[in-house]
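Notes follow once the structure below has been shown.
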């Protein structure tokens, strides 16, 4: 192997560091915390799990969703995470304790995707109910909603926290701009 | 609305900035470039599209995949992007020209997810062929492969480029460590 290419998994052994049979069903999504020390998985088994990436140990199981957990995002400070579920809700979790902090209610169909703004204060969710919603992560309240004509499958937010891009199941790509975020207030 | 919450879409109008009927089928994924100026969508219509997030204009259509494009990741420098497809390949694209630079061949089933390492030199892909593969983005060559017992649905790589987390369709979460990446060479 040449210089500047990588050595294979786990030093010379070529073997996986750790595999854990944590979930009882399909893992839909994984996210790694900003510090790289923990990861969170979202599963069709209705739970999320927090993992120690160093040891591969399962740290917490996040229970509360009544249907599949489709997506997960971790806040920039790593202290909270948000999950999107087939049960039409999102949930905010304390990543230290594994406790549910808030349930975000408002969508009327599966919530398919979620992204957290870089300031860590707001999240955007995509749903098959034809809406994108913005949530205040501190209060758990819906701050804004945009209605399209088709279900939304995916969403992303830019590094400056201003541009939101979302895709729907008709093939449309939507561009939205968030104004007055962060310390700008309601000017 | 209180201070520090956000104003609704597109200043006072409450309306979407731009919606474009770009794809002819379901949009599976969207990614925003690091500078926020462009976004890329991946669709079941076998194409990806590059968008100007400011104007909402479609800049390029990336054609070449023979089946659904499931996932897309943009390199840290924004100059290239990589797509994962049902056609069992990944493709590297020049985001400026829209030209296909490389096709990454090696998977034997749908490629479901892709992530680019923070150094921009390598990518990891997840496939229903039960493998995770590491690719050298410059050469387009497969550098390493890890075989599991089930199809992989999702993968992520940590900010330090060392830890890879992937989830499979049995519920397992896999942790892998990339050694000797970047300038460390083959020591």
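At a glance:
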{"read-out": "Nearest-first distances (nm) between copies at residue B:67, label 7 Å from Cα via Cβ", "value": "2.7"}
{"read-out": "Label spacing, shortest first and in nm, from residue B:25 to its equivalents in the remaining copies (7 angstrom along Cα→Cβ)", "value": "2.6"}
{"read-out": "Label spacing, shortest first and in nm, from residue A:79 to its equivalents in the remaining copies (7 angstrom along Cα→Cβ)", "value": "4.0"}
{"read-out": "Residues of segment B:58-76 with amide N under 13 Å of a point placed 7 Å along Cα→Cβ from residue B:142", "value": "none"}
{"read-out": "Nearest beta-carbon to the A/B symmetry axis - residue in chain A, distance in Å", "value": "A:29, 6"}
{"read-out": "Euclidean distance of C-alpha centroids, segment A:101-132 and segment B:81-119, integer Å", "value": "28"}
{"read-out": "Simple label model, 7 Å out from Cα along Cβ direction - residue A:77 to residue B:109, nm", "value": "4.2"}
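Bear in mind these aren't lab numbers, they're just calculated from the coordinates by the rules spelled out. Note that the structure is a prediction, hence the values are computed from the model and not measured. Cβ sites come from the backbone with ideal geometry, for glycine too, and all protein chains shown count toward neighbours.
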